[in-house]
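Asks: Okay, here's the structure, questions in a sec.
Just so it is clear, none of the values below were taken in a lab; they were calculated from the coordinates. Computed from a predicted model, the values in this text were never measured in an experiment. We place every Cβ from the backbone using ideal geometry, glycine too, and count neighbours over all the protein chains shown.
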Amino acid sequence: MGQDVVSVHPPPPTVRVAIALQFALVATLTSMAAVAVAEAVHYDSLIDQAARVVGASPADVAVERSGNVSAALFTTVAALLLATWLGVTAWRMRRRSNIARILALVGLGAPLALGVLACLAGGLIGVVLAGALLSSPAGVEPEEADSTAWGGEALFEEIDRLSGTGWSLAFDAAGSITLLLGLLLTVATGVLLLVRGSSHYFRPEPPIAVHTHPGYAPGPFVPYPYPATPFGNALPPRPHDPGKPGSSSSQ
């Protein structure tokens, strides 16, 4: 994931908190996947109970099971993929990888963007349907749906009645809590990674300039003695040095 920048400078508090919140978001997404699987198993048992009560046909039961498995599979796979993405990028951000920071921001923003687009698409479809109903000729009422057209209506109503108490409410509450917590962690992590202190920390440090003469390679510093005088001494002794010829203390 690119070359990491090794620095002796510790990360600022915004980066440390952002990485911690991102790991917390990974745990939240994993919990969300676990809740989705447990709720699907519980809903499958409700399908069996409702089918025995109303005497539903095997075809209606199969349709209901298929929808349950599809919803649970989509939620679980999406949550685990996003958790893996954010977990890897958070680990690489500990090594001051700016590419990991950018990919983490992509992973944080993609679900929010998709959610906004889904809401806009749903609103557009609602407007189109409302316009189609309002544009119908006056005095002509839409035909009522035949209650017997879908044989699984009784099955669905019984499942809805059974899911109003017990473990169904607990799973609904757990799903809502994990979703809200994940949203809050996503926003907080993204803001902390975008502040100025975090952006400056993840920028590569410029290389240290070394000034050399043309044609000469830089080498280690070697102290050079003072040049000798015509009298043979490097430097005359200072008057205040004790034990030296010519000092005031030896006279």
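Asks: How far apart, in nm, are the 7 Å Cα→Cβ label points at ALA24 and THR84?
Replies: So the label points at ALA24 and THR84 sit 2.6 nm apart.
Asks: State the answer as a single residue: which of LEU120, LEU103, THR76 lies farthest towards the positive end of the charge dipole of the stretch 31-145, with beta carbon charges of +1 for Lys and Arg and -1 for Asp and Glu, about the Cα centre.
Replies: LEU103
Asks: Between ALA110 and ALA132, what is the spin-label point distance in nm, taking each point 7 Å from the Cα along the Cα→C-beta axis?
Replies: It works out to 3.3 nm between the two label points.
Asks: Separate question: In debye, nearest 20: dipole of the stretch 1-109 around its Cα centre with unit charges on the Cβ of K, R (+) and D, E (-)?
Replies: 780
Asks: Let me ask something else. Using 0.36 nm per residue, how much length does the chain from ALA170 to SER57 gain when fully extended, once their Cα-Cα distance is taken away?
Replies: Between ALA170 and SER57, full extension yields an extra 37.8 nm.
Asks: Classify the stretch 13-107 as rounded, prolate or oblate from the Cα gyration tensor: take a ≥ b ≥ c as the square roots of its eigenvalues, call it rounded if a/c is under 1.5, otherwise prolate when a/b beats b/c and oblate if not.
Replies: prolate
Asks: Let me ask you something else. Per residue of the stretch 36-45, in order, report the coupling 6.51 cos²θ - 1.76 cosθ + 1.60 (Karplus, θ = phi - 60°) as ³J(HN,Hα) in whole Hz, putting x for Gly and Pro.
Replies: Residue by residue, the stretch 36-45 yields 5, 5, 5, 5, 5, 5, 5, 5, 5, 5 Hz.
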